[in-house]
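Read the structure below first, then the notes.
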There are 2 protein chains.
Amino acid sequence: MLELIKKKKSGDTLSREDYNYIIDGFVAGEIPDYQVAAFLMAVYFKGLNDEETAILTDVMMRSGDLINLSAIKGIKVDKHSTGGVGDKTSLVLGPLVAAAGVPVAKMSGRGLGHTGGTLDKLESIKNLSVSMTRTEFIEKIQAHNIAICGQNATLVPADKKLYALRDVTGTVDNISLIASSIMSKKLACGADAIVIDLKVGEGAYMKTVTEAEPLANMMIDIGKKMNREIIVVISAMHQPLGLTVGNALEVKEAIETLQGKGPKDLTDLCLVLGSYMLVLAKVVPTKEEGLERLKALIDSGAAFNKFKELVKAQGGEVAVVEDTNLLPLAQFQQVYKSPAEGYITHLNALEVGLASVKLGAGRATQTSKIDYGAGVVLQKKIGDYVKKNEPLATLYADNQDHFTKALEYMESAYTINKEAEPPKPLIMKIIR
Amino acid sequence: MLELIKKKKSGDTLSREDYNYIIDGFVAGEIPDYQVAAFLMAVYFKGLNDEETAILTDVMMRSGDLINLSAIKGIKVDKHSTGGVGDKTSLVLGPLVAAAGVPVAKMSGRGLGHTGGTLDKLESIKNLSVSMTRTEFIEKIQAHNIAICGQNATLVPADKKLYALRDVTGTVDNISLIASSIMSKKLACGADAIVIDLKVGEGAYMKTVTEAEPLANMMIDIGKKMNREIIVVISAMHQPLGLTVGNALEVKEAIETLQGKGPKDLTDLCLVLGSYMLVLAKVVPTKEEGLERLKALIDSGAAFNKFKELVKAQGGEVAVVEDTNLLPLAQFQQVYKSPAEGYITHLNALEVGLASVKLGAGRATQTSKIDYGAGVVLQKKIGDYVKKNEPLATLYADNQDHFTKALEYMESAYTINKEAEPPKPLIMKIIR
């Protein structure tokens, strides 16, 4: 290992054998953390070339189980989002593209820090379970064209261990490490093609399109080398997506979106991501035809029906989905009022995400308990004109002590100015 | 700690408070190895400035006990060598400058890998002990002007832990880390001034004077910031120093040198280092006068007598020193004969050091046992003309199985060519 650290330190290229040695040894606990930490810092400074990045992805992917979806007919297309605040696209997209005939085999994660997790959101529906065996998972997809389950520990253990180490050693921000982390997990889940929603903006890891493009190209390149087609949609995370942040609140908004009554930004993003999924699945020849198909499925009620079918198949109470007033809602609420008159020019997604965590909707640590009914509903977003004391957002919590700290975050989230700023596009770039 | 890793990764300067936090936390086991490893690799790429290097040295120095030599009269001058093969200068210099009236409070280390340690060499003298309390150490110096003892674990524990980590994470080769490691240990030993013998060449860490100069300047700068005068002698380690490599063999050669019968290179280096020690101790005004003084002490027998006094004071058998035939000598010997006729143009010190380890004279690991009588005696060195089959060296071992591997190292050590190469100077540069 020392030799490999020195090689990377000098900027040399490592071989597949080298990466096998490092990853296998690290996962087996034979190579100590401190050597891997030094290696990662050398990677930060010297980088990996495209070939090495693809090799590392492949080696990480093979560090655990590989999901075999070959028993499911059709081209399996997955969607991945790099994470954002109020991002409930998976809840909308899954049923939507499943209704269009694309098999959706979705393995999701839980929330940590300021971003929520699809599994937590789904579990705010009474009795819904995301635990199932591999066989049950496949059978549900065969029967309903969709299933959503948790990633278990046997999936890419190398990434779990490596990410935990990167997180505490200042080696998160290298695009080869980011790309191999994302791609190894997605590829291990067995999809034939993937649409990646790469978030850019204040609430995301990447701040600009310029920063995001090399990562997008690298993921597409990894896909090419591993024979998987990838489309990257670079979308804005300058402010939260939609109007809700918090588990049950987001489920409600996702249902409304599937019914054609959702907020414009969330609806638009789901339609764009979904239509590219249809293109990759070869269900439609062009993105435009995909958009038409998806809109029709929303209008006909087929998309919402697919969501109900999913909930039922996973044991959830369908009544809750039919009447969203039955979803959990926190006991207390507090309105956050505008401190000034003017145009909202910034609405920092990260701050809103942190407010939501403080309200009980998220996890500060991996073992924190979630209040499903807690969170934030935004009344006003960027571009809106507001008067002083006009409600900007409503906060929900099961404990009134949570409001003080959450309100502080909300205060730093909103910026109100005399002059409006030119609107920023939601979809910033498509790379394929 | 994560913030400090990120700061150094971005090339920022860290404060004294930061280094206190890192070193104290690391020594206490509160900051994990993997974070320190990542930090060290960031230091490798971004460096420390002079101020940071001096702070790190000071903080490391204070991580354990500080030796207080104030009870000893006079200016205490220490010597440090960066390590070489056949380097027995400490054995010669200690008694030599002590005889000149400079108090010598020498704390030495044991050998590891291809370089030997002063303590191991001394212990080849029957009954000699290098273990003593601090009080005994001071009392011996007050009585005899010299004592040589081991560094115990309470001396700069930060360096011990940090060096062990650097060694396995590819972060040894940063001059700030090297300088702070050397200087923290020397300064903790309480000397007022230090002569540093910085080795350069095939058998040393630094290969050229150009490489060595920045390290020399950095150590002088650290000394200046901590109010200690430093002189750096850059000397050649292209080939072993003197003719012997191995513990008792080196003691014998050191005694001969103290008697004025030692090899020229070893004698010359000891005289140069020693005369600068006399200058720093303000015993003589110039190096030239120092040289005269030391030569006189050798000629009069005072230097050798001081060595006997040291041996006696530390419990060793003086008879062994008076008749070096009583020193341990390995049971078996084997002559390494020249494979060709010509001039010896290279005699790789590292290879000879490794041969000596294989013969039983060194430690492959920290717990290896040493054969005091094993080692190598060189009959021929660089510049000598040899005939085919003429003896180049004699190898000594207590186990005949050791010769095969040792002979392989000896074969790679010697290079014999038709043409001689111009001789290289032993003393390459003095920096103060």
Next item on the list: Calculate, in nm to one decimal, what B:K261 and B:Y343 gain on full extension: separation in residues at 0.36 nm each, minus their alpha carbon distance.
Entry: 27.0 nm
Note to self: How much accessible area per residue does chain A have, counting only protein heavy atoms and a probe of 1.4 Å, in square angstrom?
What the structure shows: 39
Note to self: Nearest 10 degrees is fine. How inclined is helix B:349-358 to the longest principal axis of chain B, computing both from alpha carbons?
What the structure shows: 80
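Exceeding 25 Å between C-alpha atoms, which entries from my cross-link table qualify? They are A:K186/A:K381; B:K161/B:K306; A:K73/A:K308; B:K199/B:K312.
Over 25 Å apart, Cα to Cα: A:K186/A:K381; B:K161/B:K306; B:K199/B:K312.
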Next item on the list: Report the equivalent ellipsoid semi-axes for segment A:119-225 in whole Å, largest first, defined as the square roots of five times the eigenvalues of the gyration tensor built from alpha carbon atoms.
Entry: 28, 17, 16
Check: Measuring from centroid to centroid over Cα atoms, what is the spacing of segment B:380-418 and segment A:171-242 in Å?
Finding: 61
Notebook entry, point to check: Can you give the accessible area of A:F403, probe radius 1.4 Å, in Å² rounded to 10?
Noted result: 10
Notebook entry, point to check: Expressed as an acute angle from 0 to 90° and rounded to the nearest 10, what is the orientation of the C-alpha long axis of helix B:175-188 relative to the principal long axis of chain B?
Noted result: 80
Item checked: Projected-area mean, segment B:77-322, by convex hull of Cα positions, square nanometres -> 12.2
Notebook entry, point to check: Where in segment A:151-188 does accessible area fall by at least 30 Å² between the isolated chain and the complete protein assembly, at a 1.4 Å probe radius?
Noted result: A:V168, A:T169, A:G170
Next item on the list: Count the DSSP beta bridges whose two residues both fall in chain B, then state the antiparallel fraction as a percent rounded to the nearest 5.
Entry: 55
Next item on the list: Just tell me which lysines come within less than 17 Å, Cα to Cα, of A:K8; anything on the same chain fewer than 8 places away is out.
Entry: A:K46, B:K9, B:K46
Check: How big is the gap, in Å, between the Cα center of segment A:1-48 and the Cα center of segment A:243-290?
Finding: 41
Checklist line | For A:T135, label point 7 Å along C-beta direction: distances to other copies, nm | finding: 7.8
Item checked: Pseudo-label separations to other copies for B:P214 - Cα-to-Cβ vector, 7 Å, nm -> 2.5
Margin query: Less than 13 Å Cβ to Cβ from A:T404, Lys/Arg counted +1 and Asp/Glu -1: what total charge do the surrounding residues give?
Written below: -1
Notebook entry, point to check: To the nearest 10 square angstrom, how much accessible area does B:D173 have with a 1.4 angstrom probe?
Noted result: 60
Checklist line | Spatially proximal lysines relative to A:K388 (Cα-Cα < 21 Å; intrachain offsets below 8 disregarded) | finding: A:K337, A:K380, A:K418
Next item on the list: Calculate what fraction, in whole %, of the accessible area of chain A sits on carbon and sulfur atoms when a 1.4 Å probe is rolled over the protein chains.
Entry: 49
Next item on the list: Put a label point 7 Å from Cα along the Cβ direction on B:S10, then list its distances to the equivalent points in the other copies in nm, shortest first.
Entry: 3.3
Notebook entry, point to check: With solvent modelled as a 1.4 Å probe, how much accessible area in total do chains A and B shield from it at their shared surface, in Å² to the nearest 100?
Noted result: 1700
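The values are calculated or read from the model by the stated rules, or taken from the named source; none is laboratory data. Predicted, not measured: the structure shown is a model, and the values here were computed from it. Glycine also receives a Cβ, built like all others from the backbone with ideal geometry; neighbour counts cover every protein chain displayed. We work out accessible area using only protein heavy atoms, side chains counted, and drop any ligands, DNA or RNA first. Shrake-Rupley method; radii C 1.70, N 1.55, O 1.52, S 1.80 Å.
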